[in-house]
Amino acid sequence: MDWYIKVLKNYVGFRGRACRKEYWMFILVNIILTVVLSLVDKMLGWQRAGGEGVLTTLYGIFLFLPWWAVHFRRLHDTDRSAWWLLLLLIPVVGWLVILIFNCQRGTAGVNRFGPVPEQDQDSHAPLIS
């Protein structure tokens, strides 16, 4: 949960880098909270005409900026510009490319977007020394 809170506190931080763990823990907590809110929406009958729940929709709006910010920082960690997120406009293929980028190890050492995040020093070390 600390990783999730860290992303929320840095909700407009589009500069710097985000390690894989920070990104994926944020996504995991996000999915869990979305499922829980969706169930609460169904139990309370708070669904709109399209079937989406009111609480789930509000949560999605609330997380829009933090999600984009952590996505930017994750791409920066792999030494890619956030312009790569335009691939999300290409269904399936673009999504898969961004998923692969987000699963990759960040660049070791300082890159053009800043130093390695403190929490992730070990995972940027080379596999073979």
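The values are calculated or read from the model by the stated rules, or taken from the named source; none is laboratory data. Computed from a prediction, not measured in an experiment: that's the story for all the values here. Reconstructed Cβ throughout: ideal geometry from the backbone, glycine too, with neighbour counts over all protein chains shown. Protein only, heavy atoms only, side chains kept; ligands, DNA and RNA dropped before computing areas. Shrake-Rupley method; radii C 1.70, N 1.55, O 1.52, S 1.80 Å.
Give me the 1.4 Å probe accessible area per residue for the chain, excluding ligands and nucleic acids, in Å². Could you put the intermediate results ahead of the total?
Working: 8110 Å² over 129 residues.
Result: 63 Å² of accessible area for each residue.
How would D41, D79, D2 rank on accessible area, largest to smallest, probe 1.4 Å?
D2, D79, D41
What value does the range 9-63 have for Rg/Rh, both radii from Cα atoms and Rh as Kirkwood defines it?
1.10
Under a point-charge model restricted to the Cβ atoms of Lys and Arg (+1) and Asp and Glu (-1), what is the dipole moment magnitude of the chain relative to its Cα centre, in debye to the nearest 20?
Using Cβ point charges on Lys, Arg, Asp and Glu, the chain gives about 200 debye.
By Kyte-Doolittle mean hydropathy of at least 1.6 and Cα axial length of at least 30 Å, which whole DSSP H helices of the chain are selected? Walk me through the intermediate numbers first.
Details: long enough: 20-44 (36 Å, 1.18).
Taking the DSSP H segments of the chain (at least 30 Å long, mean hydropathy at least 1.6), we get none.
Based on the alpha-carbon gyration tensor of the chain and its eigenvalue square roots a ≥ b ≥ c, which shape applies: rounded if a/c is under 1.5, prolate if not and a/b is larger than b/c, or oblate?
It is prolate, given that a/c is not under 1.5 and a/b is the larger ratio.
Could you work out which residue, out of P117, P66, P91, moves most in a Gaussian network model of the chain, that is, has the largest mean-square fluctuation with Cα springs under 10 Å?
P91
Out of Y23, Y11, Y59, any idea which swings most in a Gaussian network model of the chain, alpha carbons joined below 10 Å?
Y59
Which percent of the accessible area of the range 34-76 is formed by carbon and sulfur heavy atoms (probe 1.4 angstrom)?
76 percent
Considering only protein heavy atoms, with the full assembly of protein chains and a 1.4 angstrom probe, order C103, C19 by accessible area, largest first.
C103, C19
Sorting check: for 32-40, 45-53, 70-78, which peptide has the highest mean count of neighbouring beta carbons within 10 Å, and how do the rest follow?
Result, highest mean first: 70-78, 32-40, 45-53.
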